[in-house]
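Everything on this sheet refers to the single structure shown next.
The values are calculated or read from the model by the stated rules, or taken from the named source; none is laboratory data. Quick caveat: nothing in here was measured; it's all calculated off a predicted structure. Using ideal geometry, Cβ is built from the backbone for each residue, glycine included, and neighbour counts are taken over all protein chains shown. In case anyone asks, the SASA skips ligands and DNA or RNA and just uses the protein heavy atoms, side chains included. Shrake-Rupley method; radii C 1.70, N 1.55, O 1.52, S 1.80 Å.
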Amino acid sequence: MKKWSLATTILLVVSILLAACGGGKDDAAGSPQGSASAANGDSQGGKQEQVTLKFMGWEVSPLETESVKKGLELFMKENPNIKVEYTTIPGGTQYVAKMQALVLGNEAPDVFFLQSDYYRDFVKRKSLLDITDRVNAEGVADDLIDSAVKLSTVDNKYYGIEACIVAPVVYYNKDLFDKAGVAYPPTDPNKAWTWKEFVDAAKKLTVKNGDKTEQYGVYGLENYYMTIAEIMSNGGNWFSEDLTKSAANTPEVKEVLQAISDLRKKDGVSPEAKLLTNSGMSPAQMLQTGKIAMLVDGSWSLQELSHMDFKVGMGVLPKFKDAVTHGQAHLHVASAHTEHPEEAWKLIKFLSSEEYQLMNVKAGLWLPNHKSLYTEEGIQKWLTAGVHPDGFKDMIPYFTSSKPYPYALLSSQKIQEDTTAELDKFFIGNQSVDDTVQNIESLANKDIAANS
């Protein structure tokens with residue numbers, strides 16, 4: 001097994017000590033043949049055996065957790081012999097570190113969320129149940145859009161199913177735009193703002209009181225997840241098309257990085273991240289309270305924003321050359337060593353169903369990844385007044401044509417960690433853009449070579 005990095009190892013040790021779920025699984029139980037499947041029934045009374053599945057996800061917001069639990073209630077009602085125990089822990093690196101610890105300690109839950117950019121790494125380590133035969137036999141992937149299939153398969157095999165689509169977008173406070181007399185960001189990708197138009201709007205929406213900025217035009221683009229969408233808009237990418245080397249050290253990438261940095265350091269229209277930390281507010285709360293006029297964030301934030309008491313709008317990202325966003329989502333996967341592979345598959349299949357997806361799409365948490373839900377009839381099943389802002393329907397082609405998130409196609413999370421560290425030196429520190437892209441290129445190429 002490939003060794004984890006030192007920093008990750010430290011996290012794993014701590015996480016193992018804190019781990020509270022799962023029970024040890026026997027290695028031989030990972031195959032369907034070794035399952036004590038409830039589907040076969042009890043030999044004495046004809047009753048289905050009661051099975052408990054441990055299911056783990058992250059807690060990004062209470063609303064998301066509530067949505068998942070509602071879905072699980074429906075699943076258990078439809079499958080009375082299966083009890084699902086759902087556990088949540090904080091998202092991000094803390095979630096990954098704990099999941100890695102549970103896998104290494106043979107304590108992984110039966111089914112769990114897995115970020116797309118860690119999926120191939122877990123597959124490579126043989127940590128996930130191969131569900132290819134089940135997916136193909138039941139036609140589960142037949143209605144998935146192309147990017148969902150691409151992100152769910154590794155060497156034409158399925159070890160999980162992408163949950164939905166999420167993509168970077170622009171949110172904005174309508175009242176602040178109205179007060180400043182600024183037109184709203186377009187929802188039609190064919191009418192997307194140019195970068196200059198975006199910066200001009202951000203300047204008009206920035207309010208100062210002497211030397212103190214009371215309202216900033218925009219926040220969020222210094223996050224590498226959002227940054228890559230603008231790089232794609234400029235015809236660039238972090239990696240070559242065949243994913244064999246870094247493409248960071250290019251004029252397209254450098255232009256975007258410098259432009260984003262200038263928003264804060266030169267134009268003064270974007271706050272430092274520490275402003276949020278010091279204020280004790282989330283980005284959504286900053287938008288609600290008028291500390292920022294625009295927020296670049298993932299489409300998943302719509303669920304939270306739609307429950308907040310202000311007029312929120314949503315539009316496409318500004319463009320350099322083309323109006324582009326990227327799409328990906330977490331996957332639902334099963335442990336390679338689950339004692340209940342058939343029941344685990346039933347849960348994954350349910351979590352991939354239109355029935356479950358619609359619950360979360362209607363709430364604004366997700367975007368569909370089913371082809372049928374993007375037909376005129378399908379759209380009517382989930383487009384919800386009071387959740388999806390005016391003009392949202394115009395954005396649908398933007399989402400369905402979203403480019404695959406590049407990190408989700410690689411099997412090493414270290415590239416992402418190194419990229420983030422270098423971007424922090426550039427955005428937060430004083431490292432030059434040339435040194436930044438050269439360092440990212442060198443580190444990424446080294447790691448790609450080590451994992452090829």
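Note on residue 142 and residue 420: the extension gain reaches 96.5 nm, defined as 0.36 nm multiplied by sequence separation minus the Cα-Cα distance.
In terms of the mean number of neighbouring beta-carbon atoms within 10 Å, the peptides 225-232, 445-452, 415-422, 308-315 order highest first as 225-232, 415-422, 308-315, 445-452.
Measuring only protein heavy atoms, the 1.4 Å probe finds residue 76 accessible over about 60 Å². In the chain, the longest principal axis of the Cα atoms and the axis of helix 93-104 are about 20 degrees apart. The modelled label-to-label distance between residue 52 and residue 371, using points 7 Å beyond Cα along the C-beta direction, is 4.2 nm.
Remark: accessible surface ordering of 361, 324 (largest first) is 324, 361, probe radius 1.4 Å. Over the Cα atoms of the range 109-165, the radius of gyration divided by the Kirkwood radius equals 0.92; this is the Rg/Rh ratio.
Net charge in the neighbourhood of residue 404 (other residues with Cβ under 10 Å of its Cβ; Lys, Arg +1, Asp, Glu -1) is +1. Using Cα pairs under 8 angstrom and six or more residues apart, how large is the relative contact order of the range 348-433, in percent? Once divided by the residue count of the range 348-433, the mean separation gives 16 percent.
Stokes-Einstein, applied to the Kirkwood radius of the range 232-318 over Cα pairs at a viscosity of 1.002 mPa s and 20 °C, places its translational diffusion at 139 µm² s⁻¹. Relative to the current alpha-carbon distance between residue 78 and residue 379, full extension at 0.36 nm per residue lengthens the span by 105.8 nm. Provide the FRET efficiency to the nearest 0.05 for the residue 156-residue 245 pair, computing r from the beta carbons and using R0 = 22 Å. Here the calculated transfer efficiency is 0.40. Give the residues of the range 286-311 whose amide nitrogen is closer than 13 Å to a point set 7 Å from the Cα of residue 180 in the direction of its Cβ. Under 13 Å, as judged by backbone N against the label point of residue 180, lie 287, 290-296 of the range 286-311.
The angle separating the long axis of helix 433-450 from the principal Cα axis of greatest extent in the chain is about 20 degrees.
Contact order for the range 180-338, expressed relative to its length and based on alpha carbon pairs under 8 Å spaced 6+ residues apart, stands at 34 percent. Decide, for the range 275-415, between rounded, prolate and oblate: order the square roots of the alpha carbon gyration tensor eigenvalues as a ≥ b ≥ c, take rounded if a/c falls under 1.5, and otherwise choose prolate if a/b is larger than b/c, else oblate. Prolate.
Ordering 138, 241 by accessible surface, largest first, gives 241, 138; the 1.4 Å probe counts only protein heavy atoms, with every chain in place. Restricting the calculation to alpha carbons of the range 360-452 gives Rg and Dmax of 19.5, 52 angstrom. What angle do you read, to the nearest 10 degrees and between 0 and 90, between the alpha-carbon axis of helix 341-351 and the longest principal axis of the chain? Approximately 30 degrees, to the nearest ten. Across the chain, the mean sequence separation of Cα contacts (distance under 8 Å, 6 or more residues apart), normalised by length, yields a relative contact order of 25 percent.
For the range 237-246, backbone phi angles converted through the Karplus equation (6.51, -1.76, 1.60; θ = phi - 60°) give residue-by-residue couplings of 6, 6, 9, 5, 4, 8, 6, 9, 7, 6 Hz, Gly and Pro being listed as x.
Each label point was placed 7 Å from the Cα along the Cα-to-Cβ direction; for residue 450 and residue 432 their separation is 2.7 nm. Distance between the 7 Å Cα→Cβ label points at residue 322 and residue 310: 3.4 nm.
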